[in-house]
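The values are calculated or read from the model by the stated rules, or taken from the named source; none is laboratory data. Note that the structure is predicted; figures quoted are calculated from it, not measured. Counting neighbours? That spans all protein chains shown, and the Cβs are built from the backbone with ideal geometry, glycine included.
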Amino acid sequence: MKLSRVIVISLFMVTAVLLGLRTQKRAVPVPRSEAQTSKAGSEPGISNHAVTTSVPQLSTRQPVRGPGRLGEWMEKYVNATSADERAKLLGEGESVARARRLVLKNLIQQDPEAALQMAIPYGVRKQLPVSIKALLEEPISARGKISLIESSPAPGEEEVPEAWYKAEIDHKVFHVYGSGLKTRRSINGFALMGIAVDDVMALYSAPPILDDAQVADLVQQGRLPMESICSVSGQAASNPTVVDIGGTYKPFCTVSHAQAFQQEYVAASAISEATSAATLNAVSALSSTDLPTTCAIESGFHHT
């Protein structure tokens, strides 16, 4: 009798642990609001603080409202019932967007991952007027050159200037920040995905998953086929989950396959410091065919 009770208690404890792990895997961080992030970005400067490496998280379909005061204004603007009402809201929106831009620029330099969480989704940007879009962060999806810039002390000075990462895209130069930056070599053709404000850029540590609105536009523009083939399962996907690798788009039939690719990308990047420049370029162009083919096939949903 006592032995049976011990067995029952043991099984109960094992089940509780497994349920706890399952819950942790499904947890999705809530994007930060401007109020939560403004403190970190309140002091200007260029310093590459260490932050925790993480794969861009997925979530269910996002509401129209964005973070902070700008989100509140967006909601009013999108729900306005007439063109005159929207026109009257423009001045307020431009003022809020301009203040947010200053906060976001500083935040990119202090906490790039927090800055990336403040990025306005593609589908929401499409609904905003041109004057507001011009004040938002610039989405970055391109191939470029990335270099670590190190300097010696000036004559008569002992302090060594802080090293920084430089990205060059079509002759435009950015100071780059991100937890995934570890290379000490210059790399041409590097996949750059993130956001920029003026000359500062925050990079994702893994290729992001596109929202539904952007996928639909890419299909309409002919940059994605109407029906994609998932390279993991080999199945056709008429409503694919799409990963952006610097302007190259990889479709998957489920979110889990896309997440597996993100993890492969991060893992490959983590060991790149000990490899040759040729291998680093291979990491930058990592193909979805490198993924394991044993992933479970399941119906997926999109991150927007």
State all residues of the range 109-128 that are without any contact (Cβ under 8 Å) to a residue 24 or more places away in the chain and over 23 Å from residue 214 (Cβ atoms); if no residue qualifies, say none. none
In the set 160, 173, 124, 78, which member is of a type in the set (A, V, I, L, M, F, W, C), more than 28 Å from residue 245 (Cβ to Cβ) and outside any loop (DSSP other than H, G, I, E, B)? 78
Can you find a residue that is crowded, with 22+ Cβ neighbours inside 10 Å, at pLDDT below 95 and assigned to a loop (DSSP other than H, G, I, E, B) anywhere in the range 182-200? no
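One line per residue, one yes/no per condition, for (1) in contact (Cβ under 8 Å) with a residue 24 or more places away in the chain; (2) under 18 Å from residue 72 (Cβ atoms):
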| site | (1), (2) |
| --- | --- |
| 91 | no, yes |
| 100 | yes, yes |
| 107 | yes, no |
| 130 | no, no |
| 139 | yes, no |
| 143 | yes, no |
| 161 | no, no |
Yes or no: residue 256 modelled with pLDDT under 95 and more than 21 Å from the chain's Cα centre (by Cα)? no
Restricting attention to the range 64-107, which residues are in contact with a Leu (Cβ under 8 Å, 6 or more places away or on another chain), buried (at least 19 other Cβ atoms within 10 Å of the Cβ) and not small (Gly, Ala, Ser)? 73, 74, 77, 96, 100
Any idea which of 204, 122, 177, 165 is within 30 Å of residue 84 (Cα to Cα) and touching a strand residue (DSSP E or B) at 6+ places or on another chain (Cβ under 8 Å)? 122
Pick from the range 207-239, criterion out of contact with any Pro (no Cβ under 9 Å at 6 or more places or on another chain), closer than 23 Å to residue 121 by Cα and aliphatic (A, V, I, L, M), ranking: surrounded by the most Cβ atoms within 10 Å (Cβ to Cβ): 210
Residue list for the range 176-211, restricted to those being charged (D, E, K, R) and within 28 Å of residue 241 (Cα to Cα): 211
Here are some residues: 212, 198. Which one is charged (D, E, K, R) and closer than 19 Å to residue 137 by Cβ? 198
Would you mind stating whether residue 167 is among the small types (Gly, Ala, Ser), in contact with a Phe, Trp or Tyr (Cβ under 8 Å, 6 or more places away or on another chain), within 21 Å of residue 109 (Cβ to Cβ) and at pLDDT 95 or above? no
